[in-house]
Amino acid sequence: MEAILKTKTISDAELITKILAGETAVYEILIRRNNPYLFKVGRAYGYNKEDVEDLMQDTFISAYQNLVKFEHRASFKTWLVKIMLHHCYHKKQLLRFKNERPAYAAINEKEIPMFSHQPADPDKKILHKELGIIIEQAIGRIPVDYRLVFSLRELNGMSVAETAEAMSLSEANVKVRLNRAKAMLRKEIEKMYAPEDIYEFNLIYCDRMVEKVMHQISNAH
């Protein structure tokens, strides 16, 4: 882990070069860097945590298997998000074919809601939790096309250009969808909070994803 931590300054492009040269273990760094982004994408698409983890694993494996095809025209994160969106869409089509629907995740009280800090007052903590539930439910009620744009821009911090590339939209369309998504949420949310904390992907989940993906990659060799 110490060696991994020392590689924070290495670019994605340099890491990809190392991986393609045979340093498979380095792929762990790319997994850790992109875990939170893919988690939020899967949750925004409407899948529960278990399905999201499966989709993330499939995405990381697909990306690894096709790494030689990555042309660096967009960022690695954008390329990875496009793969994740493809897997999410494909799964949704399979579920639809089976007359099923991917249920929006049940509220997990341990998740961190969209607030910048936790209040110390017990009464405010209760209100804080209730508002967090309202926020997550509000996002779940937004049509998926708007929910995904909101997730990529507001939760994942991707630029308009990156979001447009990932979703195969025009930049103008991204801006329109984002504004509409915010308008939908504004009815449920009366205050501004830090958006990056709506969904959490903590270290436990991150370690588990690294272990799963790296184990599968190792067995493939």
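Since every read-out is calculated from the coordinates, none of them should be taken as a lab result. Since this is a predicted model, take the numbers as computed values, not measurements. We place every Cβ from the backbone using ideal geometry, glycine too, and count neighbours over all the protein chains shown.
In terms of the mean number of neighbouring beta-carbon atoms within 10 Å, the peptides 165-177, 137-149 order highest first as 137-149, 165-177. In this simple spin-label model, placing a label point 7 Å from the Cα along the Cα-to-Cβ direction at both E211 and N66 gives a separation of 2.9 nm.
Among F39, F76, which comes first, second and so on when ranked by fewest other beta-carbon atoms within 10 Å? Walk me through the numbers before you get to the answer.
Working: F39 25, F76 19.
By the 10 Å Cβ count, ascending: F76, F39.
The count of lysine pairs in the stretch 1-93 with alpha-carbon distances below 18 Å, taking only pairs 8 or more places apart or on different chains, stands at 16. In terms of surrounding Cβ atoms within a 10 Å radius of their Cβ, M184, M56, M209 rank from fewest to most as M184, M209, M56.
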